[in-house]
Amino acid sequence: MSPKVYLDALGTLVVLFISWAYLRKQQPPYPPAVGSMLPWIGSGLIFARDPFTFLDTCRKQYGHVFKLLLGGRRMIVVSSADAIAALLRDRHGTLDADVMHIALLRCVGAINHDTHRIHDILHHEIFPIIGRCFTRHSLSNISSQFSTRLRSQLDEAFSSHNQQSISLKGLVGRSLFEATSSAMLRPSFPISFYDDLLRLDSSIYSRLYKLPFFSHSSTWARHRLLDRLADYIEEIERDGAEGELMSGVLEVFKANKLGRSDKAGLMLVFIWGSHINPMNTTIWLLTYLLANREAMTKIREEVDQTIHSQFTSLDSLLAADPCVLDGPGFSLLDSAIRETMRLTVITTVVRRATCDTELKSEGRTIHISEGEHIMADVRAPHHDETTYPDAETFIYDRFVFRENSENASGQIPSSNQRAALTFFGWGSGKHICKGRHLAMYEVKLLVIILLHLYDMSLASGVLQNFPPKFKRRSLGVWHANEDVLVHLQRRHVSGTTTG
Ligand code: HEM
């Protein structure tokens with residue numbers, strides 16, 4: 001090669017390299033980083049104050065993928081359906097869910113030492129027991145105890161309210177708590193236990209995000225809960241546990257030689273996690289039904305009709321296998337629960353990359369470095385107008401698919417739309433909610449009993465603040481910023497024993 005040709009080729013290479021470097025500089029970084037003036041803290045303060053408003057603002061400005069610095073932690077936030085699905089699927093097994101679990105062990109269970117070991121026990125030994133005990137078919141082991149207790153709790157609440165208004169949160173929360181704890185843990189806990197659980201719950205958000213709060217009452221509540229649970233565990237260790245759940249859990253405690261406070265802390269995390277989300281979901285469903293008389297009437301008609309045609313009475317439905325509630329006889333109710341979850345589930349799914357890895361979002365590749373955190377904002381696909389037209393409205397039959405029939409908003413979902421109804425209410429993949437069948441059963445049964453036996457209406461004077469707003473500092477499922485007062489009236493129902 002002559003020196004001239006050689007120099008020409010070299011010159012061309014240099015020009016190409018400079019153009020490439022220039023173009024690269026012009027391309028904005030991906031994911032874009034949300035700016036902040038505060039070193040280390042980054043957007044931590046503004047995020048903790050109102051995470052969802054902040055995430056919405058960032059999404060409008062940066063799109064479905066962006067990067068944040070949150071108190072020293074680098075967090076990539078994804079909100080497109082494909083990236084969330086890939087994050088939950090975790091095909092390469094490189095995304096760990098330990099961050100959120102460890103935070104909850106600390107805030108709820110007051111477990112502040114050896115947290116990684118205790119997290120491993122929770123994740124590898126206790127979650128699988130919960131998963132096994134609450135499959136669709138295993139629910140029949142606890143359903144008769146659960147349904148009898150739920151029915152008697154609702155009857156008791158009605159008899160004691162003396163034609164006065166009654167708190168929806170109290171009615172739902174106490175009834176579900178009594179029924180689940182008597183079915184799962186057997187000896188029931190005093191009412192003060194439930195009140196303490198709510199006191200603790202009211203502080204979890206601030207504890208998690210390290211915000212200042214009046215800690216005195218919730219700290220004492222947690223202290224009493226842990227003490228009561230430690231006594232309960234000692235009792236069943238001595239006398240023997242009834243049921244697969246508690247016998248399995250006791251074996252895990254024994255095999256790992258856990259101390260009194262760790263056992264109580266783990267139990268408290270389980271009780272808190274299994275109660276608060278179903279309670280808030282049921283409260284919102286009933287709130288939406290109170291606000292939408294057509295939905296209430298249609299769902300009650302479905303409940304009455306299915307009870308009469310398939311079971312003859314409520315009593316025989318309560319005695320039947322829980323799987324019967326999954327049949328087409330309750331498809332409107334099923335749809336209304338999913339619709340409620342679509343509007344109210346705000347679970348913050350967080351994962352930590354255990355090595356360098358990648359996710360795809362809308363055709364682009366997100367490179368994630370080892371140690372970086374990724375957060376999925378599931379509200380975005382749940383409120384996407386192309387998937388869910390009129391997305392802010394509660395459409396009780398949105399998830400009912402009859403061939404060529406309209407839903408309550410007059411839309412006929414096309415088969416493509418149906419297939420694309422992205423729903424992350426229970427998560428997905430290996431961390432999918434282990435209590436989802438139990439939660440569906442709880443919510444459904446409570447609504448069936450309530451609508452079949454009672455007429456429920458708003459108490460007088462409630463209208464100006466109804467429906468309540470979402471409490472901006474919520475976890476899991478939106479909490480309501482105010483309780484709703486309702487009035488119950490017994491219906492005349494044939495073939496069902498009255499309480
Ligand atoms: C309406 C009620 C409920 C909702 C909306 C809900 C939602 C969720 C979601 C979205 C996840 C996935 C979190 C993630 O991927 O990081 C999850 C996980 C989990 N849920 Fe639920 N849940 C509910 C009720 C329950 C109940 C009643 C139980 C227990 C009986 C339960 C036990 C669990 C457990 C153990 C996990 C962790 C699974 C794992 O990481 O392997 N949940 N839940």
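Every number here is computed from the coordinates shown, using simple stated rules; none is lab data. Keep in mind that what you see is a predicted model, and the values were worked out from it rather than measured. As a convention, Cβ positions derive from the backbone with ideal geometry for all residues, glycine included, and neighbour counts pool all protein chains shown.
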List the pairs from K210/K254; K60/K210; K169/K360; K254/K430 whose alpha-carbon separation is above 31 Å, in the order I gave them.
K210/K254; K169/K360
With DSSP loop assignment and no more than 16 other C-beta atoms within 10 Å, the trypsin sites (Lys or Arg not before Pro) in region 53-152 are R91, R136
With axes computed from alpha carbons, what is the tilt in degrees of helix 436-453 against the longest principal axis of the chain, rounded to the nearest 10 within 0 to 90?
40 degrees
Filtering GluC sites (Glu not before Pro) in region 193-260 by DSSP loop and by at most 16 other Cβ atoms within 10 Å leaves E242
Could you tell me which of rounded, prolate or oblate describes region 99-229, using a ≥ b ≥ c as the square roots of the eigenvalues of the alpha-carbon gyration tensor, with rounded for a/c under 1.5 and, failing that, prolate when a/b is larger than b/c and oblate otherwise?
oblate
Sort 481-488, 169-176 by the packing proxy (mean of other Cβ within 10 Å over each peptide's residues), most packed first.
169-176, 481-488
With point charges of +1 on the Cβ of Lys and Arg and -1 on the Cβ of Asp and Glu, referenced to the Cα centre of the chain, which listed residue (A97, L176, V447) lies farthest in the positive direction of the dipole?
A97
The chain: calculated mean residue ellipticity at 222 nm from DSSP helix runs of at least 4, using -39500 (n - 2.57)
-17000 deg cm²/dmol
In vacuum, with every alpha carbon of the chain counted as one equal point scatterer, what does the Debye formula give for log10 I(q)/I(0) at q = 0.07 Å⁻¹? Two decimals, please.
-0.43
Only Lys, Arg, Asp and Glu count, each charged at its Cβ (+1, +1, -1, -1), so figure out the dipole size of region 308-398 about its Cα centre, rounded to 20 debye.
120 debye
Can you give the angle from 0 to 90° between the axis of helix 3-26 and the longest principal axis of the chain, with both taken from C-alpha atoms, to the nearest 10?
30 degrees
How large is the charge dipole for region 171-228, taken about the Cα centre, if only the Cβ atoms of Lys, Arg (+1) and Asp, Glu (-1) carry charge, to the nearest 20 debye?
160 debye
How far apart, in nm, are the 7 Å Cα→Cβ label points at S457 and D231?
4.5 nm
Expected sort for 318-329, 373-384 on mean C-beta neighbours within 10 Å, highest first, is 373-384, 318-329
What residue among Y288, L139, W40 has its Cα farthest toward the positive end of the dipole of the chain, where the charges are +1 on Lys, Arg and -1 on Asp, Glu, each on the Cβ?
W40
Answer with one residue from A85, T53, L185: the one whose Cα lies farthest towards the positive end of the charge dipole of the chain, charges on Cβ with Lys, Arg +1 and Asp, Glu -1.
T53
Helix 331-344 axis, angle to the chain major axis (alpha carbon atoms, nearest 10°):
50 degrees
Treating only the Cβ atoms of Lys and Arg (+1) and Asp and Glu (-1) as charged, compute the dipole magnitude of the chain about its Cα centre; round to the nearest 20 debye.
1320 debye
